[in-house]
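Undergrad: Below is the structure I would like to discuss, written out as structure tokens.
What follows is calculated from the coordinates using simple rules that are stated; it is not laboratory data. This one's a predicted model, so the numbers in the text were calculated from it and none came from an experiment. Reconstructed Cβ throughout: ideal geometry from the backbone, glycine too, with neighbour counts over all protein chains shown.
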Amino acid sequence: MTPRKRKQIDPLEQAIEAVLSPGNFISYVAASSFVDAVQDVASDIEKVIKREPERAALLFETFIAACHEKADEIDDSSGTFGMLVENLFLGWIKSRQAATHDPDETAKLLLSWMEDDPFGFCHNLDRQVVKVLDKKGLEALVGQIRAKFESVPSRDEKRFPEYARRRWGGVLKTLLAGQREVEAYIAVCEQTELEAQDCLAIAKIYQSRRRPEDALTWVERGLAITSSDNRRSFGDHELQQMQRALLARVGRPGDALQSAWTEFEAYPSIFTYRELMCYVPAKEQKAWHQKAMQASAKGNLASQIELWLKKKEIDRLVSRLRKATGQELEDLSHYMAEPLARKLERSHPDISARVYCALCMRIINAGKSKYYDAALNNIERAKKCYDKAGLNADWQVVVADVRQRHFRKKGFMAGFEDIVSGAPKHVEPPFLEQAKARWLKKRK
């Protein structure tokens, strides 16, 4: 009797199973390295697409399904595993297109995953698939989503029909924007609520068709929608940027400049400054710079520091910092405050001392004991700056305040008192010297 041949398993399938480690829970701490390893296998499959697209498509299908099986065994609080699965779907689409699969079948399968999505892997998948689907594939998916949008809510959605309609309407809009089908996009908006993001999407389509007047009309409709909402979003800023570019293009540079100035006055920062200067005529740059610097005095301290440092307005910055309260300085992030303190150490040690103190107090007030070494380093730098500025009385005020408010924080106070007294730091000998000393003790 001829023995039956064992079915040969694709080595990449074996790699999928091995890397997903079924049955083992992946903690939040281990998730990053786990996802990196899974991505390595996904990258190996991507290399197969060009020469073996059919095989790659089957491998991606297995991989996607396996990730759904694994989903309950990983703490994906960071969302990196979900993003990886999203990329697997993109690889699957590319493979099926390379293998010339029926685009309607691909669209149906994709929709089935989007409908049955217990782990949210397909939540924003439409925004990504529109980038990889070819013309026929995009048309097929638009047809599937349009039918879903226009159909009667399914049994699962009867309790929330409006949610379902908004969801599929949003997906349909994303796909139509990818097709640049402006008339169809507008028609969907007439069936749903018109939002500022819709106006932006329509304006971009018109802009790509070189119809700036129509694009400007829709941008202004979007801004009209946002004007009644006090919340600012990235989309609002993008509408304003696009409006200015279109105004300049249709021969209204003065209006573009006025728009940029209005935004800078409301939110002075290095970003709105750069936008403003894009529309200032070359001969007027100096005058507008001075005007902008005066207006920026009304901004918040963090924005002022970034703007004035970039534009070398050091005198203006120093004047503002001398008026800043201790709380204002403590509210600055260390990413901003530490470079600021270092920059001013030589030229304005009195201000640098206050910033270093604020950096220290930010840590101590929060009780972050694991950062006490950083706090001590900052307070030591503050002491040196106070000495350099000849402000010993100010340093003694700091010492008294720390002793009064933080005497219970023993882990910090011991090092602090050493700094106050000027006691030399205990420096640990190099690692190898310690090791040799340990060996010599054994020989004795």
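Undergrad: Which one of 391, 355, 369 is farthest out on the positive end of the charge dipole of the range 330-444, using unit charges on Cβ (Lys, Arg +1; Asp, Glu -1) and the Cα centre as origin?
TA: The residue sitting farthest along the positive end of the dipole is 369.
Undergrad: For the range 291-355, what is the charge dipole size about the Cα centre, in debye to the nearest 20, if Lys and Arg each add +1 at the Cβ and Asp and Glu each add -1 at the Cβ? Numbers along the way, then the final one.
TA: Values: 13 positive and 9 negative charges, 77 e Å.
That gives the range 291-355 a dipole magnitude of about 380 debye.
Undergrad: Per residue of the chain, what 222 nm ellipticity follows from adding -39500 (n - 2.57) for every DSSP H run with n ≥ 4, rounded to the nearest 500? Could you put the intermediate results ahead of the total?
TA: Values: 24 runs with 323 residues, N = 444.
It comes out at -23000 deg cm²/dmol, rounded to the nearest 500.
Undergrad: Averaging sequence separations of C-alpha pairs under 8 Å and six or more residues apart, then dividing by the length of the range 210-284, give the relative contact order as a whole percent. All intermediate terms of the calculation are to be shown ahead of the outcome.
TA: Values: 48 pairs, mean separation 18.7, N = 75.
Computed over the range 210-284, the figure is 25 percent.
Undergrad: Return the long-range amide H neighbours of residue 26 (sequence gap of 5 or more, or a different chain), with a cut-off of under 5 Å between placed amide H atoms.
TA: 74, 75
Undergrad: For residue 102, what charge total do you get from the other residues with a beta carbon under 14 Å from its beta carbon, if Lys and Arg give +1 and Asp and Glu give -1? Before the final figure, lay out each step's value.
TA: Details: positive: 96, 108, 136; negative: 54, 104, 105, 134, 139.
Local charge sum for residue 102: -2.
Undergrad: For residue 100 and residue 190 in one chain, what is 0.36 nm times their gap in residues minus the Cα-Cα distance, to one decimal in nm? Mind dumping the intermediate values first?
TA: Values: separation 90, 0.36 × 90 = 32.40 nm, distance 3.59 nm.
Separation in residues times 0.36 nm, less the Cα-Cα distance, equals 28.8 nm.
Undergrad: Taking the Cα of residue 417, stepping 7 Å toward and past its beta carbon, and measuring to each backbone N in the range 373-389: which are under 17 Å?
TA: 376
Undergrad: Right, here's the next one. Given contacts defined as C-alpha pairs under 8 Å and at least six residues apart, what's the relative contact order of the range 330-444, whole-number percent? All intermediate terms of the calculation are to be shown ahead of the outcome.
TA: Numbers: 87 pairs, mean separation 22.7, N = 115.
Result for the range 330-444 is 20 percent.
Undergrad: With charges only on Cβ, +1 for K and R and -1 for D and E, what is the dipole size of the range 56-192 about its Cα centre, in debye, rounded to 20?
TA: Rounded to the nearest 20 debye, it is 460 debye.
Undergrad: Compute the relative contact order of the chain as a whole-number percentage, counting only Cα pairs closer than 8 Å that sit 6 or more residues apart in sequence. Could you put the intermediate results ahead of the total?
TA: Numbers: 391 pairs, mean separation 26.3, N = 444.
Over the chain, the number comes to 6 percent.
Undergrad: In addition: Order 193-202, 168-177, 412-421 from most to least packed using the mean count of other Cβ atoms within 10 Å.
TA: 168-177, 193-202, 412-421
Undergrad: If you wrap a convex hull around the Cα atoms of the chain, how much volume per residue is inside, in Å³? Don't jump to the answer; show the numbers that get you there.
TA: Numbers: hull volume 132.8 nm³, N = 444.
Residue-normalised Cα hull volume stands at 299 Å³.
Undergrad: If you don't mind, there's one more thing I want to ask. If I histogram all Cα-Cα distances within the range 330-444 using bins 5 Å wide from 0, what percent of pairs lands in each bin?
TA: 2, 11, 19, 20, 16, 11, 6, 5, 4, 3, 1, 0
Undergrad: Something else: Count the net charge of all other residues whose Cβ sits under 15 Å from the Cβ of residue 391, scoring Lys and Arg as +1 and Asp and Glu as -1.
TA: On the way: positive: 322, 354, 381, 383, 384, 388; negative: 345, 350, 387, 394, 401.
Computed value for this residue: +1.
Undergrad: Going down the table (311/343; 50/136; 148/204; 323/384; 136/173; 343/368), which pairs top 24 Å between alpha carbons? Could the numbers behind the result be given before it?
TA: Numbers: 311/343 14 Å; 50/136 20 Å; 148/204 26 Å; 323/384 22 Å; 136/173 17 Å; 343/368 26 Å.
Going by Cα-Cα distance, 148/204; 343/368 fall outside the 24 Å limit.
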